[in-house]
Amino acid sequence: MADDSIAVVDLERCQPDRCSYECKNYCPPNRTGKECITLRGEDAEEGQPDQVHISEEICLGETCGICVEKCPFDAIEIINLPQELQDEPVHRYGENAFSLYGLPVPIEGQVTGILGPNGIGKTTAVRILAGELAPNLGDHADPPGWEAVLDAYRGTELQDYLTAVRDGDVTVARKPQYVDKIPDQFDGPTAELLENTDERGVLDDLLERLEIEHVMDQDIDSLSGGELQRVALVACLAREADFYFVDEITPYLDISQRVAAARLIQEMANEHGKSMLVVEHDLAILDLVADNLHVAYGEPGAYGVITDPKSVRNGINEYLKGYLDNENMRIRPDPIEFEEHAPRQVSRADTLVEYPDLRKSYGDGEFSLDVEGGAIRENEVLGIVGPNGIGKSTFAKLLAGRLEPDGDALDFSLDIAYKPQYIEIDQPMRVDAFMRSITDRVGSSYWETEIAKPLQLDRIMEQNLTDLSGGERQRVAIAACLSKSADLYLLDEPSAYLDVEQRVRATTAIRRFAEQQDATVLVVDHDIYMIDLLADRLMVFDGEPAVRGRASAPTGMRAGMNDFLSNLDVTFRRDENVGRPRINKPGSQLDREQKKQGEYYYAP
């Protein structure tokens, strides 16, 4: 194989007990007597068939690709690396395993962002930066020592940092990505968990800033997703460390909470001189929080490349364009485009359903929601926005028939497909069997091209539902919702746990589905990019979280966004080059000017 190609075998997908070694038997070099694809005899468990490995020296590369086509489980990838990628990997896990090229550069007193898909090597990079994994410079068979590593980085920005890592002089605090797994690892009151992390003596201030003082007496397993997210961030920032790694701060948080979290992270860098590394898929928040940005690209699970640092604005814009200027690298065939002059004009379509004024109350004054009556139009995407704990999911459940309102029950005579906010999957069945159990569309050309392909289901169809990651579960849940025959499709927080690329794909799939199927879709989400790209009209919720909520009737995008953002005291503008929404720095001249004009969404 050429030096710029790699072979990757996914051992979790390689199932020799269910195949006839088609990859090995049809491999052209093998058929001429060479040992290109061989068996991992010494690695096989007793009584189990041998999995395969591929000799990259003998393999003919991507121009052949027969083994890739013949493998019935999509376990093999033969990848031509970009020609511009001249350096050896920072780390490779083994033969036919994942390779990482490049490392982010932690800088004291700054927030460094990473933008890119999941499975691209950020965990590997953090383990190296934390001193948990010594980089092998691609030589997995005979790993070099630290002196060789330091010599490879001599004269770079990473030399001093890696020297400190070698000497054990770096301490690391982390916020995990999947906060809903915290109750599986800790059982007890929230106060016990957080008090044990308060090494800086700032717990009370962090609790107040993130508005979660009320959860201290509650058990961890009783907290909502938004509360768990803020608890995890507090637990990370309360520690005394040199290097802080924050893996996704936005899932389950509303915009106000996201901005509050971003400001805390900025203060850790700017006022306390800490090195902060943030992986975030909400581009508006990443734009706000980061001082510099690394773009990560490659093939998830196969190889990842982390670029040199860029300015935040240029890095995000290049990522959206799909072309990295300094690297002369195309990372996506098509750019992600935003409308230059929103809101889009919506025709007065026929009404799908009118709903009356609604009220839903819980218990004795626990929470109440009042909804102003309105109409949902046929063939529209209606965005639903508002703070957490304000009743958005309650309204969705009222429409879906999962809850009954106070007073007369709703009788829409509508078939409603519903994706809930929190996805509970405990069925011991494979994804393909699950999808076939809910729809007969599986396998049709439309389903394959417009649902399965953009949501990247092909590589997880044979996995068990219980083995899926948070992002994989989200994509399956979106697909399940869109695969049903319904009059109204209701998706509650479809962006949660999806990386930037997956959010773009999901947004495109939902929008194309609405247009091509003449479907009516309601989307509840906190990601302004997703709402901006999807919604024709907006429904705004406000009130006092966890006490009372109020929902206005659906309105136009500009009026709705101005109403929503003014409640949060946040202004947005459009990037002049790509048209994407950007949060104005609080107190900046543009922020003050837009507030004076009453244009919080963006100036017309």
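The values are calculated or read from the model by the stated rules, or taken from the named source; none is laboratory data. Since this is a predicted model, take the numbers as computed values, not measurements. Cβ atoms come from the backbone with ideal geometry, glycine included; neighbour counts cover every protein chain shown. Just the protein is used for accessible areas: all its heavy atoms, side chains included, with ligands, DNA and RNA removed. Shrake-Rupley method; radii C 1.70, N 1.55, O 1.52, S 1.80 Å.
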Query raised in the report: For the chain, with every protein chain kept in place, what is the accessible area per residue (1.4 Å probe, Å²)?
Result: 43
Report summary line: Taking Cα atoms only, Rg over Rh for segment 215-298 with Rh from the Kirkwood formula is 0.98
Report task. Go through 269-279, 498-508, 422-432 and give me the packing order, highest mean Cβ count within 10 Å leading. Result -> 498-508, 269-279, 422-432
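Quickly rank 316-329, 284-297 as a protection proxy: mean count of other C-beta atoms within 10 Å, highest first.
284-297, 316-329
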**Report entry** Overall dimensions of segment 475-592 by Cα: Rg and Dmax, Å
**Finding:** 15.7, 50
Query raised in the report: What is the dipole size for segment 404-558, taken about its Cα centre, with +1 at each Lys and Arg Cβ and -1 at each Asp and Glu Cβ, in debye to the nearest 20?
Result: 420
Report summary line: Net charge (Lys, Arg +1; Asp, Glu -1) of residues whose beta-carbon lies under 11 Å from that of P586, P586 excluded, is +2
Query raised in the report: Where Rh denotes the Kirkwood radius from the mean inverse Cα pair distance, what is Rg over Rh for segment 108-254?
Result: 1.04
Query raised in the report: Dipole magnitude of the chain about its Cα centre, charges +1 at Lys/Arg Cβ and -1 at Asp/Glu Cβ only, in debye to the nearest 20?
Result: 1640
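Of the heavy-atom accessible surface of the chain (probe 1.4 angstrom), what whole percent is carbon and sulfur? Working shown, then result.
Details: 11060 of 26160 Å².
The computed percentage sits at 42.
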Query raised in the report: Going down the table (K310/K392; K310/K585; K181/K397; K175/K310; K274/K596; K122/K595), which pairs top 28 Å between alpha carbons?
Result: K310/K392; K274/K596; K122/K595
Report summary line: Free-by-geometry Cys in the chain, Cβ-Cβ under 4.7 Å as pairing rule, reported as C14, C19, C27, C36, C59, C64, C71, C236, C481
Query - Listed values (1) 24.9; (2) 26.1; (3) 28.0, entry calculated as Kirkwood radius over Cα pairs in Å - result: (2)
Requested in this report: For segment 403-556, give the share of DSSP beta bridges that are antiparallel, in percent and rounded to the nearest 5; count only bridges with both residues there.
Outcome: 45
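Quote the relative contact order of the chain in percent (integer), defining contacts as alpha-carbon pairs under 8 Å separated by 6+ residues.
13
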